[in-house]
Every structure is written in C-alpha cells, then in structure tokens.
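J.: The structure under discussion is supplied below as structure tokens; questions concerning it will follow.
The values are calculated or read from the model by the stated rules, or taken from the named source; none is laboratory data. Please read these numbers as outputs of a predicted model, since none were measured by experiment. Don't worry about glycine lacking a Cβ; one is built from the backbone with ideal geometry, like all the others, and counts go over all protein chains shown.
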Amino acid sequence: MKIAVVGTGYVGLVSGTCFAETGVDVVCVDVNQQKIEKLNNGQIPIYEPGLEDIFKRNVEKGRLQFSTDLASNLKDTDVVFIAVGTPPDEDGSADLKYVLGVAGEIGRSMDHYMVVVTKSTVPVGTSVKVKNAIQAELEKRGVDIGFDVASNPEFLKEGSAVQDFLRPDRIVIGTDSEKAQTVMKRLYKPFLLNGHPILFMDIISSEMTKYAANSMLATRISFINDIANLCEILGADIDAVRKGIGSDPRIGNKFLYPGTGYGGSCFPKDVKALIRTADENGHSLEILKAVEAVNDRQKSILFNKVKQHFDGELKGRKFAIWGLAFKPKTDDMREAPSLVIVEKLLEAGATVVAYDPVAKEEARRILGDKIILAKDEYEACIDADALLLVTEWPEFRIPNFKVLGKLLKNKLIFDGRNIYDLAELDELAFTYYPVGRKSIIH
Ligand code: UDX
C-alpha cells in the first residue's frame, strides 16, 4: 500500500511518519522546497516527543520519503491525505485555497482510482468542494477516472501527538463509499488493536464531529475557569470543587483544570469557525460565544492580579515568567496566554524576563527583543518583583523555593496553573496567588 500526505505541517508530518510505522510506503509532499530539503537531511521542523525516533527508523527503511512533486508521486498511490494549512483569511474564516489547490492538482494528475482524504480541519461542507474540484479537473481532461473522497478529522494533542496517533481513542471517517471504507479500515486497523472503534459516518457529520469535539472541550475549560473565578470571590476552593464534580462519571475528571485560558492552534480557531458557520446559516451559537468571551477575559486574570497587588504601579518593575508555550511539551506559542500577559506587562512599563524549556526560538521569533530570555528558570528570577507561572512544564513543579526566595526581590508568586502547595508556600512565607483558591498573603 502506498499513501501520499500533502502538507508537512504538524498534522501531516505526524500522520505520515506514524503511517510508515505500519509498513506502508509514505511520501510526504510539500511545496516548500526548503522544508523538504531539511526533512530529507533528517531535520524535523517541529518539536513533538517520540517523533524523531519513528521518523529516523522509517526513513532508514526507505518507507518514509519527502518530495515537492505531488503529480509524479500519485502514480501508484492508493490514498492521498490532504493536510495542508487553512489559515484564517481577512474576515477570519478558514482560507481553503491550499486545500482546493491540492484537490485541483490531484484531478490534473491522477490516472487511477484513489481515495482522497481531507485531514486538515476544514469548515463543514469542504469535502464536497474537494470532490467538485477534482471532478472539474477530470472533466477538463476529458477522462473518466473513479475516485472517492473522505473526511478523517484528527484529534491529536500537541505534545502527545505521536502517542495519540499510534493509540487513538477513536478514528472518525466520513464517506459515502463502501470501497473507501474498506481502504480506510485496512489503513487504520494496526492502530486499533486496542479495540477502540473506527466510526464510519456521512461526510458532513464527520466534519462536524471535529468542531463539536473541540468546542465541547473548550466549553469545559471556560466553564471551569468561570467557576474558579467565582470560587475566588466566594472563598471556595476550585481544586476541591473540581474533584467533587469530576468524580461523577457523567462529568468525568479530565479537562477540568482552571488556568489562564486555552490557547494553541485548534481551540481558538475552531470555536471561532463554528460560531461563524452557525451565524452564516442563521443560527447563533450562544454558548460558544460565551466560551470565547470568557476565554478572552481569562487570559488577563494573572495580569489583573499583578496589577492589583502592586496598586497599579508596574512601571519600572521586573517580572519573571515561567513558561511561554501555550501548554507544556510543545514549542507552540500560537494564541498562548503568555503573549497577552507579556504584552500587558510591557504596556504597563514593566520588564519581562522569561524562561521556557523549549519555546525559545518561537519566543524570539514572535517577541523579538521585547523580553529578555533567561538561560534557566532561576536566572529569570534574579531581582524580579514576582514570579508568574504561566505554563505548567513538569520541571517547574518542585522548584527550590529557598533559592527562589533569595533570588526574587519579593517572595511573591502568581500561579496561573495551581501547581504549588498552599501550605508549603505559607510555611515558607511566600505571598501566593493561585487561580480559584484562597490566596496567601504575607
Ligand atoms: C486540542 C485537542 O485536545 C485535540 O483533540 C485537537 O486535535 C486539537 O486541539 P491541543 O491544542 O494540542 O489539542 O491542546 P490541549 O491539550 O487540548 O490543550 C488546549 C488548551 O487547553 C491549552 O491551552 C491547555 O492549557 C488548556 N487546558 C486544557 C486547560 O486550560 N485546562 C484543562 O483542563 C485542559
């Protein structure tokens, strides 16, 4: 079996590499020549735990190849995955020019039956457009070659994408063709030996499933954040409340951690896209609009606490930030709460010294020299007025508080992820502001 994966971004690269692991021949195609050259030299452009190992092994075996040429790689291909980007266009909706561009190219070059699968997260209704784009090119050529389209949304989490791919909770495939179902079943069977299901459905429902899943998860986060803020006002402890509600199996204990709001490449974009799709179809998704508003507000809570603590006088002060990535185990800073916090501190005239174990280059690229990047977490704290914990990297969990107490100008921590123990910090005489829990003031 041979497959082509078009687009060597995060989804395409992880998918292509993991498919190769089952013995399938995979070619990953991208128009970006520089990227393909780097991949051919063994350089992986993203940080994703476990990826490098599988990548190297399959490249050595000759099962994983990289190319800029889609047309010639379609010759003996059974399945083509479209995993190119859908950047927001001027009005915020997903720009489908790359997805439909690839579809057109497939139509211009294919010479036998294949299944064309959309893996990019695309607005509901896009797979039909993909089908039409391919069909239009075939008609121009005056040839009658059969093909099927399918939608196969990905549910990968950054930082554990390889594990998620190798051991998925479920695979969702939208297609109206039995032939395509058989091909997709064969391709995914090796990943479902754990008994987890492959769910076949119609194309629109499959496209909708992706948005509904991410919107539901985003809703949980905004819900718990809003409840956390109320806990803070009323003197309740969100950590107890979280456990209290999470032990009801109907609610479940996952994805109920309060923080500084969700970021990343998926939730913000997908929630916006679904709101837009609904609006365009005459239906207003009130819940999701609130989810978005709560999330925007949440990104400022840490800054607001800092501002209140210092009576609004932040000019000339220096703040240490631990963690810039939107979550641990990734270097991705897209829509990261850290960006809002940094901007607000800078606007208020403060200096920011930050440390992130991985997102250093990203920070440089996005923030330039607006902030100082420390070489480790302790250096960031030297003479800082306070420490702000923004991303809960494992290595920040048990710091040496005695050393911190000496390095910081004030024994003062604003914790955006509730990772520290109230009693311990109290004993060490730190002033500590968590989220949705009682603060300790010394
Ligand atoms: C998400 C979905 O989980 C994944 O299925 C989909 O394919 C892509 O979008 P990802 O963006 O990688 O994955 O990150 P995820 O681990 O889901 O976290 C998203 C955001 O929610 C992060 O900013 C995280 O800090 C925040 N979050 C998550 C919380 O604030 N609280 C939680 O309890 C969980």
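J.: Could you list, in sequence order, all residues of the range 141-162 that are within 16 Å of the ligand (Cβ to nearest atom) and either in contact with a Leu (Cβ under 9 Å, 6 or more places away or on another chain) or of a type in the set (Val, Ile, Thr) (or both)?
T.: Of everything in the range 141-162, those that are within 16 Å of the ligand (Cβ to nearest atom) and either in contact with a Leu (Cβ under 9 Å, 6 or more places away or on another chain) or of a type in the set (Val, Ile, Thr) (or both) turn out to be 161, 162.
J.: Applying the selection to the range 209-218, what residues are of a type in the set (A, V, I, L, M) and either within 11 Å of the ligand (Cβ to nearest atom) or assigned to a strand (DSSP E or B) (or both)?
T.: Initial filter on the range 209-218 (of a type in the set (A, V, I, L, M)): 212-213, 216-218.
Within the range 209-218, 213, 216, 217, 218 meet the criteria.
J.: Consider residue 288 carefully, then state whether it is modelled with pLDDT of 95 or more and not assigned by TED's automatic domain parsing to the domain that holds residue 414. Let's see the steps before the verdict.
T.: Details: modelled with pLDDT of 95 or more: yes; not assigned by TED's automatic domain parsing to the domain that holds residue 414: yes.
For residue 288, the condition - modelled with pLDDT of 95 or more and not assigned by TED's automatic domain parsing to the domain that holds residue 414 - is met.
J.: With (1) touching a residue at least 60 places away in the same chain (Cβ under 8 Å); (2) more than 16 Å from the ligand (Cβ to nearest atom); (3) in a helix (DSSP H, G or I) as the list, and residue 384 as the residue in question, which single condition is left unmet?
T.: (3)
J.: Residues 311, 356, 270: which one is under 22 Å from residue 218 (Cα atoms) and of a type in the set (Asp, Glu)? If you could, list the steps in order and put the result at the bottom.
T.: On the way: 311 fails: under 22 Å from residue 218 (Cα atoms); 356 fails: under 22 Å from residue 218 (Cα atoms).
Exactly one of 311, 356, 270 is under 22 Å from residue 218 (Cα atoms) and of a type in the set (Asp, Glu), namely 270.
J.: Pull out all pairs, ordered by first then second residue, where Cβ-Cβ is under 6 Å, the residues are six or more apart or on different chains, the first lies in the range 403-414 and is under 22 Å from residue 303 (Cβ atoms) and assigned by TED's automatic domain parsing to the domain that holds residue 377, and the second is at pLDDT 95 or above and of a type in the set (D, E, K, R).
T.: As it stands, the answer is 409/383; 409/385; 410/385; 414/305, since those pairs meet every condition given.
J.: Those residues that are assigned to a loop (DSSP other than H, G, I, E, B) and surrounded by 18 or more Cβ atoms within 10 Å (Cβ to Cβ), I need them from the range 10-58; list them, please. Give the derivation first.
T.: Of the range 10-58, the ones assigned to a loop (DSSP other than H, G, I, E, B) are 21-24, 30-32, 41-50.
Result: 21, 24, 30, 47, 48.
J.: I would also like to ask the following. Return yes when residue 265 is of a type in the set (S, T, N, Q) and within 11 Å of the ligand (Cβ to nearest atom) and no when it is not.
T.: Details: of a type in the set (S, T, N, Q): yes; within 11 Å of the ligand (Cβ to nearest atom): yes.
When the stated conditions are applied, residue 265 passes them.
J.: Filter the range 421-442 down to residues that are among the β-branched types (Val, Ile, Thr) and more than 15 Å from residue 310 (Cα to Cα) and give me whichever is surrounded by the most Cβ atoms within 10 Å (Cβ to Cβ).
T.: From the range 421-442, those among the β-branched types (Val, Ile, Thr) are 431, 435, 440-441; that's our starting set.
Checking the rest, the ones that are also more than 15 Å from residue 310 (Cα to Cα) come to 435, 440.
Working: 435: 25, 440: 19.
Once the filter is applied, the top-ranked residue is 435.
J.: Can I ask one more? Checking residue 432 against (1) part of a loop (DSSP other than H, G, I, E, B); (2) touching a Phe, Trp or Tyr at 6+ places or on another chain (Cβ under 8 Å): exactly one of these is not met. Which one?
T.: If we test residue 432 against (1) part of a loop (DSSP other than H, G, I, E, B); (2) touching a Phe, Trp or Tyr at 6+ places or on another chain (Cβ under 8 Å), just (1) comes out false.
Yes or no, residue by residue, for (1) over 20 Å from residue 302 (Cβ atoms); (2) exposed (fewer than 15 other Cβ atoms within 10 Å of the Cβ):
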{"residue": "331", "(1), (2)": "yes, no"}
{"residue": "341", "(1), (2)": "no, no"}
{"residue": "351", "(1), (2)": "no, no"}
{"residue": "376", "(1), (2)": "yes, yes"}
{"residue": "381", "(1), (2)": "no, no"}
{"residue": "419", "(1), (2)": "no, no"}
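J.: List the strands (runs of 3 or more DSSP E) inside the range 121-208, counting only whole elements, that have at least 1 residues being polar (S, T, N, Q) and at pLDDT 95 or above. Don't jump to the end; show me each part of the working.
T.: Numbers: elements: 147-151, 171-174, 198-201.
The qualifying strands (runs of 3 or more DSSP E) are 147-151.
J.: Still on this structure: Test residue 337 against the criterion of being crowded, with 16+ Cβ neighbours inside 10 Å, within 14 Å of the ligand (Cβ to nearest atom) and either at pLDDT 95 or above or of a type outside the set (Lys, Arg) (or both), and give yes or no.
T.: yes
J.: Which count do you get for residues in the range 59-71 that are outside any loop (DSSP other than H, G, I, E, B) and either among the basic types (Lys, Arg) or closer than 18 Å to residue 6 by Cα (or both)? Break it down into steps so the answer makes sense when it comes.
T.: Let us first name the residues in the range 59-71 that are outside any loop (DSSP other than H, G, I, E, B), namely 59-60, 64-67, 70-71.
Retained after the next criterion (residues that are either among the basic types (Lys, Arg) or closer than 18 Å to residue 6 by Cα (or both)): 59, 64-67, 70-71.
Matching residues across the range 59-71 total 7.
J.: Across the range 229-264, what is the number of residues that are of a type in the set (D, E, K, R) and part of a helix (DSSP H, G or I)? Break it down stepwise before answering.
T.: First, the residues of the range 229-264 that are of a type in the set (D, E, K, R): 232, 237, 239, 242-243, 248, 250, 254.
Filter once more, keeping what is part of a helix (DSSP H, G or I): 232, 239, 242-243.
Residues in the range 229-264 being of a type in the set (D, E, K, R) and part of a helix (DSSP H, G or I): 4 in total.
J.: Looking for whichever is away from the ligand (no atom under 14 Å from the Cβ) and in contact with a Pro (Cβ under 8 Å, 6 or more places away or on another chain) here; the options are 96, 138, 100. Which one fits? Before the answer, list the steps.
T.: On the way: 138 fails: in contact with a Pro (Cβ under 8 Å, 6 or more places away or on another chain); 100 fails: in contact with a Pro (Cβ under 8 Å, 6 or more places away or on another chain).
Of the residues listed, the single one that is away from the ligand (no atom under 14 Å from the Cβ) and in contact with a Pro (Cβ under 8 Å, 6 or more places away or on another chain) is 96.
J.: Taking residue 277 and the conditions (1) buried (at least 21 other Cβ atoms within 10 Å of the Cβ); (2) at pLDDT below 95; (3) more than 17 Å from the chain's Cα centre (by Cα), which numbered condition does it fall short on, given that it satisfies the others?
T.: So the condition that residue 277 fails would be (1).
J.: Now a separate question. Would you mind stating whether residue 260 is within 25 Å of residue 158 (Cα to Cα) and not assigned by TED's automatic domain parsing to the domain that holds residue 303? Steps first, answer last, please.
T.: Working: within 25 Å of residue 158 (Cα to Cα): yes; not assigned by TED's automatic domain parsing to the domain that holds residue 303: yes.
Yes.
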